[in-house]
Structure formats: structure tokens, C-alpha cells
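Here the structure comes first, spelled out in C-alpha cells, and everything after it is commentary.
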Amino acid sequence: MRFLDLNPDAMRLPSFPGQTILGDRGENLSSTLLDICQNPEKKETLLEWIQELTPMDAKDFEFPTDFTGKTLLTLVEENGQKISANSASDGTLRFLAMIAALLGSEPAKIYFFEELDNGIHPTRLHLLSQLIELVSQGKTQVIATTHSSQLLRLISPQTLESVSLTYRVENRPDSQIIRVLDIPNAPEVLAKQNLAHLHESAWLENVMEFISDEVE
């Protein structure tokens, strides 16, 4: 079970080859990706994801080492330009770290991500949704939080089955959690309205407040 709180500064640090488990803050990103790239099939998958994520035409990864023996990820574009992890965007690093965690040689059975969409461009959130749903079809479970309506708009009907709402009603000190499809009338409403719209319109919060008043 892993709780990842990815930090761009930690992900930009060079790491020693052989360190193949991503740290909780994203440490060892370069060496973990280096290990993944030893498998041609996994490397091709990694390249496909990063090409979809960024406007750059990334064709390869390089892992040059410094005088201490540590390696630092470098993205190689089609025109030969090279961009190291030091210059890559926070969103690119976060996405690579998620891939490294989920596709690495020793994946956990359960991953927790706080604010899953943090740092990812809104037009690329569909890739994040696809990645999580793809990995979750196997033996890995992913639990994530989000406030992003855009991300909610992208989830599949299968994923909707597992979506829960964490809420707190007025004058109550504690938070509650409920599966969205267990909210009274939610399945009927969702047949007509997207979950993202219900989130944006505060329908979810309002209905839980109403239900709590009825219980009292």
C-alpha cells in the first residue's frame, strides 16, 4: 500500500541506477524509469503515453550519469533537442511518476493519490483517466481524490460504480462518505445529467444536506 505525495523538486533529483522503487515524494524517478526502459515493450508504452501528454515529439529517453554515478532522465525530441528532468514541467514529471509507480517492476497492490489532477493540463486529463482505468483492470487498485469537474466528466460508466462523495453537512463536526450511486435518486439523475454537472451545480452537497435534515 503506497501513499504518494509527489513533489517536483524531489522528482528532479538524480538517482543511482538500481534504485527501482519510486519514493513517496517521487524520489528515484530517473532510475525507476531507467529500469522500466530496460523492457522494450514497457519503454514503448512509456513513450506512447508521454507523446500523448506533451506537445513535444518525444522519440526516446536518455539517462546520462554525473561524476557521482547518478542518472537524470532526459527526454529526446524528434529534432534532437534534449530536455532534462530539471527543465521538464511539473505536470510532465507528475505524469511520469504515476506511470513509474504503476508500471514499475515492483508495483504496490493499492495506491493513494491526493488531488490526482494536480499539475496536469485540463486537456490532458483524459490520459490520466485512461491510465488509471487501464491499470485498475489488473491487480492494482487506485484510490484518488479530486475536486476537478473536468476529470469527473471523463470517467467511464464502470469507474462511476466506484466513485464516492466525501461531504460534511452544516453543524456536524465530522465528514461522511457515501457511494455516489447510493445517494437517493442519483442513478435516475445521472441518467440525464453528467456527474461533473452535478458537482459544478452543488447538487451533490445540497442533496446530502437535504437528506441529513430529513433524518433529523
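The values are calculated or read from the model by the stated rules, or taken from the named source; none is laboratory data. All values reported here derive from a predicted model rather than from experimental measurement. FYI the Cβ positions are ideal-geometry reconstructions off the backbone, even for glycines, and counts take in every protein chain you see. Surface accessibility is based on the protein's heavy atoms, side chains included, excluding ligands, DNA and RNA. Shrake-Rupley method; radii C 1.70, N 1.55, O 1.52, S 1.80 Å.
Give, in nm to one decimal, the length gained when the segment between Ile211 and Asp24 is fully stretched (0.36 nm per residue of separation minus the Cα-Cα distance). Intermediate results must be reported in sequence, preceding the final value.
Working: separation 187, 0.36 × 187 = 67.32 nm, distance 3.86 nm.
Here the answer is 63.5 nm.
Give the Kirkwood hydrodynamic radius (Å, one decimal) of region 96-192, defined as one over the mean of 1/r across all pairs of different Cα atoms. Present the calculation step by step, with values, prior to reporting the outcome.
Working: mean 1/r = 0.0666 Å⁻¹.
This gives a value of 15.0 Å.
Based only on Cα atoms, what Rg/Rh ratio does region 153-202 have, Rh being taken as Kirkwood's radius?
Result for region 153-202 is an Rg/Rh of 0.99.
Excluding ligands, DNA and RNA, what is the solvent-accessible area per residue of region 173-216 at a probe of 1.4 Å, expressed in Å²? Intermediate results must be reported in sequence, preceding the final value.
On the way: 2870 Å² over 44 residues.
On a per-residue basis, region 173-216 sits at 65 Å².
Given charges of +1 on the Cβ of Lys and Arg and -1 on the Cβ of Asp and Glu, with all other atoms neutral, how large is the dipole of region 166-216 about its Cα centre, in debye to the nearest 20? Walk me through the numbers on the way to the answer.
Details: 4 positive and 10 negative charges, 50 e Å.
Dipole of region 166-216, to the nearest 20 debye: 240 debye.
In whole percent, how big is the carbon plus sulfur part of the accessible area of region 78-171, probe 1.4 Å, protein atoms only? Could you put the intermediate results ahead of the total?
Working: 2450 of 5080 Å².
Here it works out to 48 percent.
Hand me the trypsin sites (Lys or Arg not before Pro) from region 1-107 located in a DSSP loop with no more than 14 other Cβ atoms within 10 Å, in residue order please.
none
Show Ile155, Ile50, Ile21 ordered by accessible area, largest first, where the area counts protein heavy atoms only and the probe is 1.4 Å.
Ranking Ile155, Ile50, Ile21 by accessible area, largest first, yields Ile21, Ile155, Ile50.
If I ignore ligands, DNA and RNA and count only protein heavy atoms, how much of Met1 is accessible to a 1.4 Å probe, in Å² to the nearest 10?
In the full protein context, Met1 sits at about 140 Å².
Which FRET efficiency value, to the nearest 0.05, do you get for Thr45 and Glu188 by plugging their Cβ-Cβ distance into 1/(1 + (r/R0)^6) with R0 = 41 Å?
Efficiency computed from Cβ-Cβ geometry: 0.55.
Using a 1.4 angstrom probe on the protein heavy atoms only, line up His197, His121 by accessible area, largest first.
Details: His197 80, His121 110 Å².
Output order, biggest surface exposure first: His121, His197.
Put +1 on the Cβ of every Lys and Arg and -1 on every Asp and Glu Cβ in the chain; which of Gln141, Gln176, His199 then has its Cα farthest towards the positive end of the dipole?
Gln141
When only alpha-carbon atoms are used, what values of Rg and Dmax, in angstrom, describe the chain?
Reported Rg and Dmax, both Å: 19.9, 68.
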